[in-house]
Structures are given as structure tokens and as C-alpha cells.
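Structure record follows, encoded as C-alpha cells.
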Amino acid sequence: MPLTISSSEHSSCYYNTPYKMTAVCVQPPNPVGPLGQPDIAYAPDYTKYLARGERRMKDESLQKTLPAGFPQKLNSELVWEGKDIGKQFDWDYHLTKEDLLEIDNALKHFKASGLHLGLIDQQTFPLAKLHKTMRAISREVHHGHGFKVVRGIPVDDYSREDNVIIYAGLSSHVASIRGRQDSTWLGKPADVVMAHVKDLSNMGSSNVGSPAYTAEKQVFHTDTGDVIALFALCEAESGGESFLSSSWHVYNELAASRPDLIRTLSEPWEFDEFGRNGKTSTSRPLLYYQAAKAESPERMIIQYARRYFTGYWGLPRTNSIGPITEAQAEALDALHFLAEKHAVSVDFHKGDIQFANNLSIFHARGSFKNLGEKQRHLIRLWLRDEENAWETPAQLQPLWDRVYKDLKAENSVFPLDATMRETDNVGSSTT
């Protein structure tokens with residue numbers, strides 16, 4: 001059955017959670033996709049979702065059992081609901097004066113070394129006392145509730161480069177490996193390990209291929225890699241709320257009510273690569289189940305972003321790879337609306353760093369309005385911690401290799417100014 005939420009609570013013009021409702025900027029017309037593409041856009045439409053589910057249940061013979069070996073229910077601290085999580089778990093860590101002094105001394109230590117920024121690590125950015133707290137955060141992210149927010153970096157006291165050093169240094173104590181987010185910089189091969197999340201749509205909407213570079217809402221999705229870290233350099237005038245949701249709770253609801261959609265999610269999907277690295281598409285599931293082993297508990301991973309199936313602004317779904325199916329369209333909407341139903345709104349302010357398990361947490365963003373100096377600006381790292389890392393499913397390994405394999409510190413680039421990744425820029429030679 002589709003979700004039992006009043007259709008009046010949802011529309012394509014609003015981003016809605018139990019906590020806030022924020023008007024959304026009008027999105028340009030949905031990109032033209034392949035012939036036969038279902039009536040689905042990047043911005044989810046609840047009325048269309050309900051209608052599609054009712055139509056499919058009436059017209060199709062849907063599977064009533066889960067794939068072989070898949071559990072009826074996941075039991076873990078990673079299974080939580082937004083309405084309850086605040087009573088169960090304090091996700092904030094407020095940096096103390098002693099912490100901030102230690103961070104400042106670590107910054108001075110690294111700068112005095114004269115080392116390349118790619119060499120920022122636990123040794124070159126030493127945190128003798130705070131290290132223990134950061135390792136506890138890593139364990140919470142990987143084996144606890146899946147997220148934590150470190151609050152209180154005094155952004156205005158430092159230059160942009162100093163803030164980047166602090167961010168990379170502190171993060172290295174949570175997860176030591178920084179992943180590659182782009183493979184070229186200024187037209188040359190490079191390991192670009194930091195990305196900016198900022199409204200750059202004034203560059204021309206035809207160049208934007210990702211909502212990360214607009215002021216619009218971002219629907220629930222995952223990034224690539226194990227851990228996503230976001231550092232808020234500046235807040236918007238209004239809006240821009242950060243939302244997290246347990247993908248394990250979403251799994252449990254779908255397993256109980258729509259096992260056919262679990263089957264759909266666990267089958268191969270054709271991801272649009274938009275010409276990245278010369279590829280038209282890649283095929284893999286969205287959902288992966290790993291049974292318990294002697295050395296690890298059972299795990300479930302959902303890895304996806306909606307735009308690879310619906311297109312976004314200047315990057316429509318490529319005609320040559322064909323449309324998604326009606327079942328896949330319903331599954332995409334089910335993931336979003338279930339995640340939205342059970343999300344928590346995480347206060348995210350200037351000077352905060354949010355760490356989230358990208359393998360068990362969906363994240364989203366409310367639309368926002370910038371004004372004057374109030375320009376929402378985040379920087380992002382994709383991290384991996386060798387001690388606490390989960391096993392990577394074989395079908396995800398090529399994608400994980402793209403992020404983590406053969407990284408060279410001397411090739412690491414930390415762009416200090418906001419710019420679109422080449423892989424998200426329609427005008428880029430790589431897309």
C-alpha cells in the first residue's frame with residue numbers, strides 16, 4: 001500500500017517534514033528524457049506517486065515475497081524514526097574551549113610544517129586529547145545511530161584556507177581517507193578531494209546538472225563513499241534545513257508493506273553516467289543486503305541519487321539508455337516519501353560539521369533564500385575509516401574505486417573557491 005499521508009500535505013511545490021514546511025523555488029521544466037519515460041520528475045509529486053501505486057496494484061500481479069535471504073525486519077540502532085531519535089540519542093558534540101585551543105594549536109603545527117594540504121592527517125594535525133572523542137564519533141557513525149554533528153568551529157576567526165585545514169584535520173581523526181570527488185582540476189588530472197555546495201545557478205541554469213548548485217530543495221538521496229562530512233561556512237538568510245532519515249527504517253516499512261518494491265530495488269538499474277569518463281551508463285542495484293558474518297552483523301545498503309534516473313535541469317536522462325520502468329518510478333518515490341515521513345531535522349549552523357553514514361542514512365536539504373552576506377555555503381568530504389569501514393558490495397566496488405583507489409596525497413586538490421565539479425557541469429568536457 002502507498003503511504004497513508006494526506007495528499008494535501010505534499011505537493012511538488014513544497015518540501016514537507018513533520019518539523020517544517022518551506023516554499024521551494026520554481027524548478028525549470030523537467031528535462032526531456034527517453035521515449036517512454038514514466039511521468040516522473042526530480043521533484044517528487046505525491047499525488048502521482050499514489051496514483052501510480054494504485055494503478056500498479058490494480059493492473060499488475062505484484063510479488064508478495066522478499067528476495068531469497070532478505071530479512072523481514074532489520075534490528076539495529078541504525079533503525080530509527082525522526083519523531084523518536086531525539087529522545088534516544090544526543091547527536092551533538094559541542095567543542096569546548098580546551099578543544100578549540102587544541103584545534104588552533106594543531107592548525108599552527110600543520111602550517112609551520114609547510115606540507116601540502118594533501119598530507120593533512122592524524123600525525124600532521126595532532127589532537128592528543130580530542131582524538132579519543134573523534135574516534136568515538138567514528139564508531140557512532142559506523143556502528144551506532146549513523147550520524148553526529150560537531151558544533152562550534154569559529155569560522156570567522158580564520159581564513160578560508162585555515163578553515164579547510166581545520167576541517168580536513170579534524171575529519172582525519174574520524175575517518176582518515178579522503179575520497180576523490182572529481183578527477184580533473186583546471187583541465188589536468190588531479191584528485192579533487194573537497195567539493196563546495198553552494199547556489200551557483202547565476203552562472204546560467206543550462207550549466208547546472210545537480211541541485212547542489214541551486215537554492216532548490218534536494219530530495220532524499222545518498223552520496224558516494226562510506227561517510228559524508230559537511231562543514232557549514234555560512235548559513236542562508238532563511239531555509240536550507242538539513243534532514244536525515246534512516247534507510248534501514250525505510251527498508252523495514254517496504255519489507256512489511258511492499259516486498260515487490262524491495263525486489264525492484266535489489267535488481268539491476270541503469271544509472272545514467274551523463275558521459276562521465278566516456279561512459280553512457282552503468283548497471284547495478286540500488287539495494288544490497290549482507291548477511292551476518294562472524295566478524296560483522298547483517299547490513300543493508302541503499303546507494304542512489306534520483307537525478308540519475310529522472311535527469312535534472314541541463315542534464316536530462318540520456319535517450320540512448322532508455323526509460324526507467326513504472327516499478328522503478330514507484331520505488332524512487334517510495335524511497336523519498338518514506339524517508340521524508342520519518343526524517344529528523346538536524347539544526348545545522350555556521351561552524352558545524354555533520355558526519356553521516358552514507359550507507360545507512362538518506363540526507364536531504366530544504367530550499368533556501370540567500371540575501372547579502374547570508375549566502376549558504378557548505379564544503380564536503382567523502383571519507384573512509386579503515387578501522388570501522390563496512391564491507392563494500394562487489395557491484396559497488398567499481399564506483400568505490402573511482403572515489404578511493406590510487407589516491408595520491410601530492411595530487412590532492414582542495415578548491416578554496418566555490419565551483420561546480422566538472423562531473424556536474426553540462427559544459428564540462430567530462431560530461
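The values are calculated or read from the model by the stated rules, or taken from the named source; none is laboratory data. On a predicted model such as this, the values are computed, not experimentally measured, just so you know. For neighbour counting, all protein chains shown are included, and Cβ atoms are generated from backbone atoms with ideal geometry for every residue, glycine included.
Of these, ALA229, ALA294, ALA255, which one is modelled with pLDDT of 90 or more, surrounded by fewer than 20 Cβ atoms within 10 Å (Cβ to Cβ) and touching a helix residue (DSSP H, G or I) at 6+ places or on another chain (Cβ under 7 Å)? Quick ask: steps written out before the conclusion?
Values: ALA229 fails: surrounded by fewer than 20 Cβ atoms within 10 Å (Cβ to Cβ); ALA294 fails: touching a helix residue (DSSP H, G or I) at 6+ places or on another chain (Cβ under 7 Å).
Within the list ALA229, ALA294, ALA255, the selection yields ALA255.
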Original post:
Is there a residue being closer than 30 Å to MET57 by Cβ, assigned to a strand (DSSP E or B) and modelled with pLDDT of 95 or more anywhere in the range 350-361?
Top reply: yes
**OP:** Restrict the check to the range 274-291 and report whether at least one residue is buried (at least 23 other Cβ atoms within 10 Å of the Cβ) and assigned to a helix (DSSP H, G or I).
**Re:** no
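Quick check: anything in the range 388-407 closer than 30 Å to LYS293 by Cβ, among the hydroxyl-bearing types (Ser, Thr, Tyr) and free of Cβ contacts under 8 Å to residues at least 40 places away in the same chain? I'd like the intermediate steps shown before the answer.
Filtering the range 388-407 down to residues closer than 30 Å to LYS293 by Cβ leaves 388-407.
Narrowing further to those that are among the hydroxyl-bearing types (Ser, Thr, Tyr): 392, 404.
Within this subset, residues satisfying the condition of being free of Cβ contacts under 8 Å to residues at least 40 places away in the same chain are 392.
For the range 388-407, residues closer than 30 Å to LYS293 by Cβ, among the hydroxyl-bearing types (Ser, Thr, Tyr) and free of Cβ contacts under 8 Å to residues at least 40 places away in the same chain: present.
Consider THR124 carefully, then state whether it is in contact with a Phe, Trp or Tyr (Cβ under 9 Å, 6 or more places away or on another chain), surrounded by fewer than 22 Cβ atoms within 10 Å (Cβ to Cβ) and not acidic (Asp, Glu).
On the way: in contact with a Phe, Trp or Tyr (Cβ under 9 Å, 6 or more places away or on another chain): yes; surrounded by fewer than 22 Cβ atoms within 10 Å (Cβ to Cβ): yes; not acidic (Asp, Glu): yes.
For THR124, the condition - in contact with a Phe, Trp or Tyr (Cβ under 9 Å, 6 or more places away or on another chain), surrounded by fewer than 22 Cβ atoms within 10 Å (Cβ to Cβ) and not acidic (Asp, Glu) - is met.
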Original post:
Using beta carbons and a limit of 6 Å, which pairs, at least six apart or on different chains, have the first residue in the range 267-289 and without any contact (Cβ under 8 Å) to a residue 60 or more places away in the chain and within 13 Å of GLY322 (Cα to Cα) and the second one among the acidic types (Asp, Glu) and surrounded by 19 or more Cβ atoms within 10 Å (Cβ to Cβ)?
Top reply: SER281/GLU270; SER281/ASP272; SER283/GLU270
Original post:
Which members of the range 391-431 meet the condition of being surrounded by 18 or more Cβ atoms within 10 Å (Cβ to Cβ), modelled with pLDDT of 90 or more and part of a loop (DSSP other than H, G, I, E, B)?
Top reply: THR392, PRO393, PHE414, PRO415
**OP:** State which residue pairs qualify: first residue under 13 Å from GLU161 (Cβ atoms) and at pLDDT below 95 and inside the range 103-131, second residue surrounded by 18 or more Cβ atoms within 10 Å (Cβ to Cβ) and of a type in the set (Lys, Arg) in any location, beta carbons under 9 Å apart, and separation of 6 or more residues or different chains.
**Re:** none
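Taking the range 153-186, which residues are assigned to a loop (DSSP other than H, G, I, E, B), in contact (Cβ under 8 Å) with a residue 24 or more places away in the chain and of a type in the set (Gly, Ala, Ser)? Quick ask: steps written out before the conclusion?
Keep residues of the range 153-186 that are assigned to a loop (DSSP other than H, G, I, E, B), which gives 153-154, 158-159, 173-176, 179-181, 186.
Retained after the next criterion (residues that are in contact (Cβ under 8 Å) with a residue 24 or more places away in the chain): 153-154, 158, 173-176, 179-181.
Matches in the range 153-186: ALA175, SER176, GLY179.
So, SER238, is that one out of contact with any helix residue (DSSP H, G or I) (no Cβ under 7 Å at 6 or more places or on another chain), of a type in the set (S, T, N, Q) and either crowded, with 21+ Cβ neighbours inside 10 Å or closer than 30 Å to LEU78 by Cβ (or both) or not? Show your work before the answer.
On the way: out of contact with any helix residue (DSSP H, G or I) (no Cβ under 7 Å at 6 or more places or on another chain): yes; of a type in the set (S, T, N, Q): yes; either crowded, with 21+ Cβ neighbours inside 10 Å or closer than 30 Å to LEU78 by Cβ (or both): no.
In short, no.
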Original post:
Tally time: how many residues in the range 144-172 are within 20 Å of the chain's Cα centre (by Cα) and among the acidic types (Asp, Glu)?
Top reply: 0
Original post:
ARG139 is checked against (1) assigned to a loop (DSSP other than H, G, I, E, B); (2) at pLDDT 95 or above and fails just one. What number does that condition carry?
Top reply: (1)
**OP:** Could you please find all residues in the range 297-326 being surrounded by fewer than 20 Cβ atoms within 10 Å (Cβ to Cβ), in contact with a Leu (Cβ under 8 Å, 6 or more places away or on another chain) and not in a loop (DSSP other than H, G, I, E, B)?
**Re:** ASN319
